[in-house]
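Have a look at the structure below before the remarks.
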Amino acid sequence: MLVGVDADTIVIGAGAAGLAAARSLAGRSVRVLVLEARDRVGGRVWSRPVARNATPAELGAEFIHGRGELTVQLLREAGAAAIDTEGEGWTCSKDGELRREDWDLSSTAGIFEAAGALPDDESVDRFLRRFERDRATRETARAARAFVEGFDAADPAIASARAIASEMRSGVDFAIARPLGGYGPMFEHLRNACVAAGVRIWLSTIVRRISWRRGAVAIDMSCGGESQTVHARTAILTLPVGVLRRRGDELAVAFDPNLPDAKIKALQSIEMGHVVKVALWFRSAFWERVRDGRYRDAAFFRCERQPFVTNWTQLPVRSTLVVAWVGGPKAVALSGIAEAELIERALNGFGALLNEPELAREEFEGGLTHDWGGDPFARGAYSYVAVGGGNARAALSAPVDDTMFFAGEATSTDDQDGTVNGALETGERAAAEAATALGVEAR
């Protein structure tokens with residue numbers, strides 16, 4: 001297969017997992033080539049500067065979930081920092097009034113305890129329906145459903161109740177922080193570290209076919225309308241599940257030979273969650289002034305009746321930027337709507353939430369959004385396990401013939417799926433596996 005080797009390892013994807021893998025391997029003196037379909041690094045993390053606003057709009061990942069140790073370390077290296085989210089939570093009551101609420105996830109976790117003992121896996125929807133029929137547990141079950149749709153961006157009709165129960169039982173840390181100044185500096189630092197270590201990063205390069213046998217990989221790609229083939233001894237694939245599953249169109253990645261059956265089954269058992277996220281910025285933080293300053297310290301607003309269920313400010317940073325968010329089936333319902341219309345709906349929703357629609361429109365300066373579900377290089381926001389998925393994440397993360405290695409949030413097996421930190425750690429794990437296959441010692 002190989003006529004000369006262009007690299008020891010080719011990393012496909014320059015998101016968190018790909019850059020972490022490339023940096024780790026280059027630190028072991030491995031020759032690394034990174035292929036990225038987009039014209040930028042970062043993958044599903046995309047920081048966009050906002051006029052007259054020190055806080056960028058994060059169109060993709062925005063928070064640090066749990067301890068995020070590797071993320072925090074990289075932020076420090078980049079001269080940035082992580083700050084805990086602070087502020088109040090406000091929820092829309094049945095009468096439409098916003099009321100102060102401290103969200104306690106312990107009741108949500110508790111309702112899923114019984115799912116761990118299910119003789120057969122079932123959907124979150126089916127599991128929760130029995131609790132929703134009981135007046136004593138109805139509200140908790142509804143909150144649990146909203147959590148699965150919002151936090152996991154999952155469709156309850158598809159998501160595995162057992163998988164959610166495992167996530168809850170693991171003691172997953174729901175603490176939330178954010179990178180001060182956004183994720184941009186961290187990814188720029190990662191890119192620079194890779195380049196300084198000799199990594200070649202080719203942007204706007206679309207992988208078409210991966211031909212492989214033990215100890216040899218050939219990758220057919222296109223860049224600027226020209227086709228080319230590059231060769232390596234190993235490859236690390238960090239493509240999202242939605243891309244790996246894609247078949248039958250010009251952007252599908254072909255494998256020769258096909259991936260093993262266990263890998264294909266794993267891909268069929270992991271779904272991509274859908275999210276619609278709109279960044280809105282205003283002339284001033286007007287919500288801090290209305291109702292005699294009632295919402296001055298508001299961090300999150302929730303209203304299930306709104307198209308965008310959650311809105312959040314940038315606290316503890318005082319900013320004029322607000323993010324409107326919805327996940328799961330309600331996000332799917334918004335798919336295909338033009339960007340301008342999504343921004344309009346988000347603006348209208350935030351104004352109605354505060355009972356200040358005219359003031360919101362007067363203060364509005366602009367908005368940004370990105371359709372990750374329609375993005376051909378993402379095909380969704382982040383992953384969740386479908387009914388019967390069992391150990392799908394572990395199967396997806398497993399190497400193939402010590403030649404192809406897999407990383408990315410969907411391959412995280414310690415309940416960090418869907419997070420930047422999970423992606424970073426899987427990148428370093430895949431790099432260690434590839435280094436072992438190459439006979440390279442860790443440094």
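The values are calculated or read from the model by the stated rules, or taken from the named source; none is laboratory data. Keep in mind that this is a model prediction, so the values were computed, not measured. Backbone-built Cβ (ideal geometry, glycine too); neighbour counts: all protein chains shown.
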Given (1) within 24 Å of residue 178 (Cα to Cα); (2) basic (Lys, Arg); (3) assigned by TED's automatic domain parsing to the domain that holds residue 426, where does residue 38 come up short, assuming only one miss? (1)
Answer with yes or no whether residue 336 is surrounded by fewer than 21 Cβ atoms within 10 Å (Cβ to Cβ) and in the same structural domain as residue 296 (by TED's automatic domain parsing). yes
In the list 279, 266, 218, 262, which residue meets the criterion of being closer than 25 Å to residue 435 by Cβ, touching a strand residue (DSSP E or B) at 6+ places or on another chain (Cβ under 7 Å) and of a type in the set (Gly, Ala, Ser)? 218
Filter result (of a type in the set (Ser, Thr, Tyr) and either in contact with a Pro (Cβ under 9 Å, 6 or more places away or on another chain) or modelled with pLDDT of 90 or more (or both)) within the stretch 141-177: 160
Positions within the stretch 216-241 being surrounded by 15 or more Cβ atoms within 10 Å (Cβ to Cβ) and either without any contact (Cβ under 8 Å) to a residue 24 or more places away in the chain or not β-branched (Val, Ile, Thr) (or both), in sequence order: 216, 218, 220, 221, 222, 231, 232, 233, 235, 237, 239, 240
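Taking strands (runs of 3 or more DSSP E) that do not extend beyond the stretch 1-108, which have at least 2 residues that are aliphatic (A, V, I, L, M)?
Filter on the stretch 1-108 gives 7-12, 32-35, 53-58, 82-84.
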Under 25 Å from residue 378 (Cα atoms), in contact (Cβ under 8 Å) with a residue 60 or more places away in the chain and of a type outside the set (Ser, Thr, Tyr), is that true of residue 30? no
In the stretch 176-196, is there at least one residue being farther than 21 Å from residue 44 by Cα, in contact (Cβ under 8 Å) with a residue 40 or more places away in the chain and surrounded by fewer than 23 Cβ atoms within 10 Å (Cβ to Cβ)? no
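Considering only residues that are on the phi > 0 side of the Ramachandran plot and surrounded by fewer than 17 Cβ atoms within 10 Å (Cβ to Cβ), look in the stretch 39-93 and name the one that is farthest from the chain's Cα centre (by Cα).
Ranking the candidates gives 52 first.
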Please go through the stretch 242-285 and pick out each residue that is part of a loop (DSSP other than H, G, I, E, B), over 23 Å from the mean Cα position of the chain (by Cα) and in contact (Cβ under 8 Å) with a residue 60 or more places away in the chain. 259, 260, 283, 284
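From the list 322, 326, exactly one residue is of a type in the set (A, V, I, L, M), under 23 Å from residue 53 (Cα atoms) and surrounded by 22 or more Cβ atoms within 10 Å (Cβ to Cβ). Which is it?
322
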Out of the residues in the stretch 115-130 meeting the condition of being in a loop (DSSP other than H, G, I, E, B) and among the acidic types (Asp, Glu), tell me which one is nearest to residue 142 (Cα to Cα). 122
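Confirm whether residue 86 is in contact with a strand residue (DSSP E or B) (Cβ under 7 Å, 6 or more places away or on another chain), among the charged types (D, E, K, R) and modelled with pLDDT of 95 or more.
no
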In the stretch 292-332, residues that are farther than 26 Å from residue 84 by Cβ and in contact (Cβ under 8 Å) with a residue 12 or more places away in the chain total 9
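Results for (1) closer than 30 Å to residue 150 by Cα; (2) of a type in the set (Asp, Glu), shown as yes or no for each residue.
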{"site": "219", "(1), (2)": "no, no"}
{"site": "240", "(1), (2)": "yes, no"}
{"site": "244", "(1), (2)": "yes, no"}
{"site": "249", "(1), (2)": "no, yes"}
{"site": "257", "(1), (2)": "no, no"}
{"site": "260", "(1), (2)": "no, no"}
Filtered residue count, the stretch 229-259, keeping only those that are touching a strand residue (DSSP E or B) at 6+ places or on another chain (Cβ under 8 Å), aliphatic (A, V, I, L, M) and under 19 Å from residue 417 (Cβ atoms): 5
Taking the stated definitions as given, is residue 130 loosely packed, with under 14 Cβ neighbours inside 10 Å and either out of contact with any strand residue (DSSP E or B) (no Cβ under 6 Å at 6 or more places or on another chain) or more than 27 Å from residue 300 (Cβ to Cβ) (or both)? yes
Here the residues within the stretch 348-367 that are surrounded by 18 or more Cβ atoms within 10 Å (Cβ to Cβ) and part of a strand (DSSP E or B) are 364, 367
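Let's see how each residue does on (1) closer than 15 Å to residue 65 by Cβ; (2) assigned by TED's automatic domain parsing to the domain that holds residue 187; (3) of a type in the set (Ser, Thr, Tyr); (4) assigned to a loop (DSSP other than H, G, I, E, B):
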site: 395; (1), (2), (3), (4): no, yes, no, no
site: 415; (1), (2), (3), (4): yes, yes, no, yes
site: 422; (1), (2), (3), (4): yes, yes, no, no
site: 427; (1), (2), (3), (4): no, yes, no, no
site: 430; (1), (2), (3), (4): no, yes, no, no
Could you grab me the full set of residues in the stretch 397-413 that are within 18 Å of the chain's Cα centre (by Cα), of a type outside the set (S, T, N, Q) and not in a loop (DSSP other than H, G, I, E, B)? 406, 409, 410
